[in-house]
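**Q** Encoded as structure tokens, here's the structure I'll be asking about.
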Amino acid sequence: MSRDRFPALDRRSFLTAALAGAAATTLAGVAAPAARAAAPTSWPTQPVRLVVPFPPGGGTDLLARALADRLSKLYPQPFVVENRPGAGAAVGTDYVAKSTDGHTFLFASSNHVTVPALSTAVRYDIFKDFKSVVLVADQASVLAVDPELPGKDTAEVLAHIKANPGKYNYGTAGIGSGQHLSTAFLQQLTGIDIVHVPLKGQGEIISELLGKRIQAGFLVLSTALPYFRSGQIRPLAVALPERSPFAPEIPTFGEGGLKDFVARSWLGLLAPSATPTAVVDRLHADIVGFAKDKDYVAITEKAGMALVNEGPAAFDAEIAAGYAQWKQVIQTAGIKPS
């Protein structure tokens, strides 16, 4: 794997530029909650489908169902979740991209940007075929390590790994997974040489960490928190710009000297590009309003999701920045789809 440092145009710079370029639209997005009445009064005329490109039961599915339940109470037609998994989310995403009924939406995760960054085989364009509605929530990802690794903080642990090239292993959910790309990014920023062990998912990463067969791996905070608090696995740093409210004791990578390391894991709603802006604005306003629903907030908090409710312009900027970031990481690391 290449040891080249990440290029000067880092993710924060790209995101700042994208947001500046969309400033006028952002202001319109902020005003959207007051514009609900402007949406077509005849919409929807049939059930509305929220397509989740993953199997039932995961975090994306859970949040989509919580939203569908509440949206169904606001409209004369039901909102239903439809799971269409396959090809790392490409199957469901392609289905929505080609939908023309005006009643089909995509409830996506951040691999919406990593899948096309990794593979040229996808048959849709995330920029041309979709319109952002709302980036609903963030899920914190944490670099977890074997508690026996030497070092009192992030900088010291990474320095120890760097001083022992090829000695330690890290686990991921497979080639091209979020954990794989995040670790590749970390390698490019720090120059550490750590061996990749592709596994079957987060459960196996935890098992292998507990069994001392791997020494590191990125984990979703909500799932790993019991292991962190029991001391069985050590949380090193959270991959967000700020500490997670669900585990404020875990520092960010920035606090450990890696200010450019952000690996945001988001969940959000997108529409086919032909969807009327008035419909997008109305849905955005309604979903933002759910932040006042205590039961809804409790569902998200239990799942370790932090509600952010970023509007269309900010969501567009995040997608552009994320795609640019991971495309560069993939090319620099030479990662190919398995």
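The values are calculated or read from the model by the stated rules, or taken from the named source; none is laboratory data. Values in this document were obtained by computation on a predicted structure and should not be read as measured data. Heads up, the Cβs are rebuilt from the backbone with ideal geometry, glycines too, and the neighbour counts pull from every protein chain shown.
**Q** Has region 166-176 got any residue that is at pLDDT below 95 and among the hydrophobic types (A, V, I, L, M, F, W, C)?
**A** Yes, region 166-176 contains a residue that is at pLDDT below 95 and among the hydrophobic types (A, V, I, L, M, F, W, C).
**Q** Which numbered condition in (1) surrounded by fewer than 17 Cβ atoms within 10 Å (Cβ to Cβ); (2) under 30 Å from Pro312 (Cβ atoms) is the only one that Leu270 fails?
**A** (1)
**Q** Only residues that are among the hydrophobic types (A, V, I, L, M, F, W, C) and surrounded by 19 or more Cβ atoms within 10 Å (Cβ to Cβ): list them for region 155-188, please.
**A** Selection gives Val157, Leu158, Ile161, Ala173, Leu181, Ala184, Phe185, Leu186.
**Q** Next question. Does Lys292 satisfy being basic (Lys, Arg), at pLDDT 95 or above and at negative phi?
**A** yes
**Q** Could you give every pair whose Cβ atoms fall below 6 Å, whose first residue belongs to region 262-280 and is over 17 Å from Val136 (Cα atoms), and whose second residue is modelled with pLDDT of 95 or more and surrounded by fewer than 22 Cβ atoms within 10 Å (Cβ to Cβ), counting only separations of at least 6 or pairs across chains?
**A** Pro272/Ser99; Ser273/Asp129; Ser273/Lys131; Thr275/Lys131
**Q** Residue by residue through region 244-289, note down the ones that are farther than 30 Å from Val145 by Cα, of a type outside the set (Val, Ile, Thr) and under 19 Å from the mean Cα position of the chain (by Cα).
**A** Within region 244-289, Leu269, Leu270, Ala271, His284 qualify.
**Q** While we're looking at this one, here's another question. Does Leu209 satisfy the condition of being farther than 23 Å from Leu307 by Cβ, crowded, with 18+ Cβ neighbours inside 10 Å, out of contact with any Phe, Trp or Tyr (no Cβ under 6 Å at 6 or more places or on another chain) and touching a residue at least 24 places away in the same chain (Cβ under 8 Å)?
**A** Spelling it out, Leu209 is indeed farther than 23 Å from Leu307 by Cβ, crowded, with 18+ Cβ neighbours inside 10 Å, out of contact with any Phe, Trp or Tyr (no Cβ under 6 Å at 6 or more places or on another chain) and touching a residue at least 24 places away in the same chain (Cβ under 8 Å).
**Q** Could you please give the count of residues in region 132-181 that are touching a helix residue (DSSP H, G or I) at 6+ places or on another chain (Cβ under 7 Å), among the aliphatic types (A, V, I, L, M) and part of a helix (DSSP H, G or I)?
**A** 3
**Q** Still on this structure, please answer the following. For region 65-97, which residues satisfy the criterion of being β-branched (Val, Ile, Thr) and touching a Ser or Thr at 6+ places or on another chain (Cβ under 6 Å)?
**A** Correct list: Val96 only.
**Q** Residues that are surrounded by fewer than 18 Cβ atoms within 10 Å (Cβ to Cβ), in the same structural domain as Asp286 (by TED's automatic domain parsing) and touching a helix residue (DSSP H, G or I) at 6+ places or on another chain (Cβ under 6 Å): list the helices (runs of 4 or more DSSP H) wholly contained in region 45-126 that include at least 1 such residues.
**A** 59-72
**Q** Oh, and also: Given the conditions (1) of a type outside the set (A, V, I, L, M, F, W, C); (2) at pLDDT 95 or above; (3) touching a strand residue (DSSP E or B) at 6+ places or on another chain (Cβ under 6 Å), and given that Gly231 satisfies all but one, which numbered condition is not satisfied?
**A** For Gly231, the failing item is (3).
**Q** State all residues of region 172-197 that are free of Cβ contacts under 8 Å to residues at least 60 places away in the same chain and among the aliphatic types (A, V, I, L, M); if no residue qualifies, say none.
**A** Ala173, Ile192, Ile194, Val195, Val197
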